[in-house]
Amino acid sequence: MAVNASGVTPMSRINSAGVFIEPVAAVLLIILLAVNIVNPPTVLFDTQGLGESHSTGHLGAFLVAALASAYVMYGFDTASSLGEETVDPRRTAPTAILRAIIASFVIGGLIPLFAILAAPDLAGPGIATAGLQFIVLAVPGSTIGKIFLVTVVIAITVCAPAVHTTAIRMMLAMARDNALPGGSVLAKVHPRYKTGAIVSARCPNMRSSGR
């Protein structure tokens, strides 16, 4: 809240830092896992009997796993929500959405793929309790693994205010269309910080100029 209330520039810088760190760390992790593959490709089709004791069987396990993919690819919505604040949004917003979806598909698919192939013991208790975190710590070693986990913390920390920004912009857009209670108040924008009344209590009576 404090970051967003301080203006669009601090949030932009934080987001830019996260956008740089996250893909770089993800690509490095993919390479690290790829060069440490110890399992044959056949393990990708070995269910180890998991799901057989449940009423939904392996389909249920697949549907639960699909939630992770949906969460990873959700980020494209941010590009559309912040379209007003970009230069030439009709051209840049769709391109940004496509890049986000493609990057999520490729990176989000290769990490678990190579993690399974590089896992030292797929039947071990560590996999069941810690999952990918266990593999990241086990394959490259504790020190390097913790560095990668720190980048995960950074990515999540950056995503939190970004999602908050998206919610603010969505509410601001709805308020301008009088689709929210008190829309005339919520649609006001601070002249200096360019933030909406949702995060700034001292707002003059002015409408958003699209910035």
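The values are calculated or read from the model by the stated rules, or taken from the named source; none is laboratory data. Just so you know, these numbers come straight off a predicted model, no measurement behind them. Cβ placement follows ideal geometry from the backbone for every residue including glycine, while neighbour counts extend to all protein chains displayed.
From the list Pro41, Pro10, exactly one residue is under 18 Å from Thr166 (Cα atoms), of a type outside the set (Asp, Glu) and modelled with pLDDT of 80 or more. Which is it?
Working: Pro41 fails: under 18 Å from Thr166 (Cα atoms).
Unique residue meeting the criteria: Pro10.
Selection over region 1-56 of residues that are surrounded by 13 or more Cβ atoms within 10 Å (Cβ to Cβ) and part of a helix (DSSP H, G or I) gives a count of 24. Can you say whether Met206 is at pLDDT below 85 and exposed (fewer than 15 other Cβ atoms within 10 Å of the Cβ), as far as the supplied structure shows? Yes: the conditions hold for Met206. Every condition in (1) at pLDDT 65 or above; (2) surrounded by 14 or more Cβ atoms within 10 Å (Cβ to Cβ) holds for Arg192 except the one numbered (2).
Residue pairs whose Cβ atoms lie under 6 Å apart, sitting 6 or more positions apart in sequence or on different chains, and linking a residue in region 169-186 that is more than 17 Å from Gly7 (Cα to Cα) to a partner that is outside any helix (DSSP H, G or I), are Met174/Leu180; Ala175/Ala187; Arg176/Ala187; Val185/Ala197.
Considering only residues in region 50-99 that are modelled with pLDDT under 75 and either on the phi > 0 side of the Ramachandran plot or among the charged types (D, E, K, R) (or both), the one that is farthest from the chain's Cα centre (by Cα) turns out to be Glu52.
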